[in-house]
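Peer 1: Below you'll find the structure I mean.
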Amino acid sequence: MVRHSENRSKIARYESPSLQDAASDEDSRSVSRLGAAKERMIWWKVDKYVIPMAILLYFFSWLDRTNVGNASVAGLQRDLRMTPRQYSIALTVTFVPYILVELPSNLVLKTIGPNRLLPGLLLSWGIVATCQGLVHNYAGFVACRFFLGLCEGGLYPGLIVWLSSFYPRDFLQLRIAIVGASVSLAGAFSGLLAFAISNMHGVGGRPAWAWIFILEGAATICFGIVAFWILPVSPASASFLNGEERKHILTTLREGHVIDEGESDKFAWHEVRENFKLPHFWFLFIVSFLNGVFNYGVGYFAPSIVFSLGFSSIRTQLMTIPPLAVGFVVNLVAAYLGDRYHTRGIIVIFSSLCSIIGISIFLSSTERWVLYGSLFFLIGGSGCGGPAFVAWQANNTSPYLRRATGVAMLAITNNAGGILSTWLLGSLSPAPRYTKAMVVMLVFSCLIVLFAGTNIAYLSHQNKKKKEIRQNMRKEDEPAGLGDRSAWFVYIL
């Protein structure tokens, strides 16, 4: 999937020479003993079993969360007699339980086991998603949206922490991006399926929008049942690895500070609190909120934006696919470069610059095809930033509980941004221009550049301080259990 052996050798390159001397010599010797071909085979095996499962989990999550946009174009608001304000309320209700359950879900993930918790969430929200197609009034729809968020909220932060337990730090962004790219696939698939389902209007006495929810929700239920049996838990217990492969992966993760040497399996509130003392967490906390406004705004309202350009409801479903396909490619290319050159902040900034270009085009023109063309920048920008800043947080936070807390908090603030987006692009900024929403998102994109740049400068400064400490201290003299505060833990920029 990627050039693993080349990337492993580069882990030492982004670290300072003293850290390379202290931590990477043994790793290099172990890799050379193992052999480059064997090394590639091991990581390919991990990819083969882990990535498809992660893709499908997130694919169904995003599909069932955002197919409401396609349902709206197919007549949902009209049939349930929803005003734009009521539609925004219904979307907002989805995010409230999301925010409430994300941190608790991540904190119990290790105890319950990802092989039970993640498929359980999938099965639960699949049932709720299907029920959306059976409602007859606004109150029933709002109730379904609440329980959808309640059941689905823990999936994304849990998925990120689960993924981060399998891979070295500089492998992670591409994997998160591959999983995140399923957002584009889900959007394109939902648009294509919605186009096909449009012809089912009246079948079984149900409108076309109801069948969108029913069929896509039923697919989620089926996969949720299968996932209970095939989702691997961790490298330490993965049945697809033999003893030598398992030992090599665990050694690599330990040497790369993914597994902290002093880490305990016991829950400790101390580690939860430690996350909130990290300045780089707070920079990304703000970035996550700002990105959430943009990302969810585009995800929920891309079909409505296309529809507002004068296309028919059926053609709109097809016209959403090309920008999503481009977003898929941009996402993967940006993530590959991020891992190859060991950078996260530059990718976040690039994402925001794409968004700034797209919004500027949208605001400066009234010509239909120019406005449609701006969506390629908007969707491309919204897609590649998320994996970068989530990987940035996961890469630079250790041990496990501190990392789980940080990732969950980013998911919470990202969804809080989603709440704002439902109002900005709903009742507060009407179609077809969405002027207020676009201006706000333009400002937010500029702020992302500012905070991402500040985080790069802060982490660079910390790395210099750690280098000075390493030059005057042996690793054995450092207290255990420092996690990412260790002088031998070099932050990825």
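Peer 1: Go through (1) in contact with a Phe, Trp or Tyr (Cβ under 7 Å, 6 or more places away or on another chain); (2) within 22 Å of residue 214 (Cβ to Cβ) for residue 159 and report which single condition fails.
Peer 2: For residue 159, the exception is condition (2).
Peer 1: Right, here's the next one. Would the range 432-449 turn up any residue that is in contact (Cβ under 8 Å) with a residue 40 or more places away in the chain and over 30 Å from residue 89 (Cβ atoms)?
Peer 2: yes
Peer 1: Tell me which residues, restricted to the range 148-159, are in a helix (DSSP H, G or I) and buried (at least 20 other Cβ atoms within 10 Å of the Cβ).
Peer 2: 148, 149, 151, 152, 155, 156, 157, 158, 159
Peer 1: Next question, about the same structure. Could we say that residue 459 is in a loop (DSSP other than H, G, I, E, B) and of a type outside the set (Phe, Trp, Tyr) here?
Peer 2: It is false that residue 459 is in a loop (DSSP other than H, G, I, E, B) and of a type outside the set (Phe, Trp, Tyr).
Peer 1: Okay, moving on. Just one of the numbered conditions (1) modelled with pLDDT of 85 or more; (2) open to solvent by 10 Å² or more (accessible area, probe 1.4 Å); (3) touching a Leu at 6+ places or on another chain (Cβ under 7 Å); (4) not hydrophobic (A, V, I, L, M, F, W, C) is not true of residue 368; which one?
Peer 2: With (1) modelled with pLDDT of 85 or more; (2) open to solvent by 10 Å² or more (accessible area, probe 1.4 Å); (3) touching a Leu at 6+ places or on another chain (Cβ under 7 Å); (4) not hydrophobic (A, V, I, L, M, F, W, C) applied to residue 368, the lone miss is (1).
Peer 1: Only one residue in 398, 374, 382, 352 is open to solvent by less than 30 Å² (accessible area, probe 1.4 Å) and outside any helix (DSSP H, G or I), so which one is that?
Peer 2: Of the residues listed, the single one that is open to solvent by less than 30 Å² (accessible area, probe 1.4 Å) and outside any helix (DSSP H, G or I) is 398.
Peer 1: Can I ask one more? Which members of the range 298-324 meet the condition of being of a type in the set (Val, Ile, Thr), in a helix (DSSP H, G or I) and under 25 Å from the mean Cα position of the chain (by Cα)?
Peer 2: 298, 305, 306, 321 - these are the residues of the range 298-324 that are of a type in the set (Val, Ile, Thr), in a helix (DSSP H, G or I) and under 25 Å from the mean Cα position of the chain (by Cα).
Peer 1: Still on this structure, please answer the following. Take the conditions among the β-branched types (Val, Ile, Thr), touching a His at 6+ places or on another chain (Cβ under 9 Å) and within 27 Å of residue 96 (Cα to Cα) and apply them to residue 405. Does it pass?
Peer 2: No, not satisfied.
Peer 1: Sticking with this structure for a sec: Just give me the residues in the range 333-349 being assigned to a helix (DSSP H, G or I) and either under 16 Å from residue 299 (Cα atoms) or open to solvent by 50 Å² or more (accessible area, probe 1.4 Å) (or both), in sequence order.
Peer 2: Residues satisfying the conditions are 333, 336, 337, 340, 346.
Peer 1: I would also like to ask the following. I'm checking my understanding of the structure. Among residues of the range 355-365 that are within 30 Å of residue 76 (Cβ to Cβ) and without any contact (Cβ under 8 Å) to a residue 60 or more places away in the chain, which one is surrounded by the fewest Cβ atoms within 10 Å (Cβ to Cβ)?
Peer 2: Top of the filtered list is 365.
Peer 1: Within the range 178-203, which residues are modelled with pLDDT under 70 and within 19 Å of residue 387 (Cβ to Cβ)?
Peer 2: Those that are modelled with pLDDT under 70 and within 19 Å of residue 387 (Cβ to Cβ): 182, 183, 184, 185, 186, 187, 188.
Peer 1: Can you say whether residue 417 is open to solvent by less than 10 Å² (accessible area, probe 1.4 Å) and of a type outside the set (A, V, I, L, M), as far as the supplied structure shows?
Peer 2: Considered against the rule, which asks whether it is open to solvent by less than 10 Å² (accessible area, probe 1.4 Å) and of a type outside the set (A, V, I, L, M), residue 417 comes out as yes.
Peer 1: While we're on this one: Is it fair to say residue 463 is polar (S, T, N, Q) and at pLDDT below 90?
Peer 2: Against the criterion (polar (S, T, N, Q) and at pLDDT below 90), residue 463 does not qualify.
Peer 1: Now for a separate question. May I ask you to list the residues in the range 423-456 that are among the aromatic types (Phe, Trp, Tyr) and either part of a loop (DSSP other than H, G, I, E, B) or more than 21 Å from residue 301 (Cα to Cα) (or both)?
Peer 2: Matches in the range 423-456: 434, 451.
Peer 1: Take residues that are aliphatic (A, V, I, L, M), closer than 30 Å to residue 48 by Cβ and open to solvent by 10 Å² or more (accessible area, probe 1.4 Å) and tell me which of the helices (runs of 4 or more DSSP H) falling wholly in the range 199-297 contain 3 or more.
Peer 2: The helices (runs of 4 or more DSSP H) meeting that bar are 208-230.
Peer 1: Within the set of pairs 6+ apart or on separate chains, which have a first residue in the range 199-219 that is on the phi > 0 side of the Ramachandran plot, a second that is open to solvent by 30 Å² or more (accessible area, probe 1.4 Å) and in a loop (DSSP other than H, G, I, E, B), and C-beta atoms under 6 Å apart?
Peer 2: none
Peer 1: Given the condition in contact with a Leu (Cβ under 6 Å, 6 or more places away or on another chain), in a helix (DSSP H, G or I) and crowded, with 22+ Cβ neighbours inside 10 Å, answer yes or no: does some residue in the range 475-493 qualify?
Peer 2: No: the range 475-493 contains no residue that is in contact with a Leu (Cβ under 6 Å, 6 or more places away or on another chain), in a helix (DSSP H, G or I) and crowded, with 22+ Cβ neighbours inside 10 Å.
Peer 1: For the range 44-144, give me every one of the helices (runs of 4 or more DSSP H) that falls completely inside it and has 3 or more residues that are farther than 30 Å from residue 315 by Cα.
Peer 2: Ranges flagged: 84-112, 114-131.
The values are calculated or read from the model by the stated rules, or taken from the named source; none is laboratory data. Keep in mind it's a predicted model, so treat the numbers as computed, not measured. Ideal geometry is used to build each Cβ from the backbone, glycine not excepted, and the neighbour counts take in all protein chains shown. Calculation scope for accessible area: heavy atoms of the full protein, side chains included, ligands and nucleic acids excluded. Shrake-Rupley method; radii C 1.70, N 1.55, O 1.52, S 1.80 Å.
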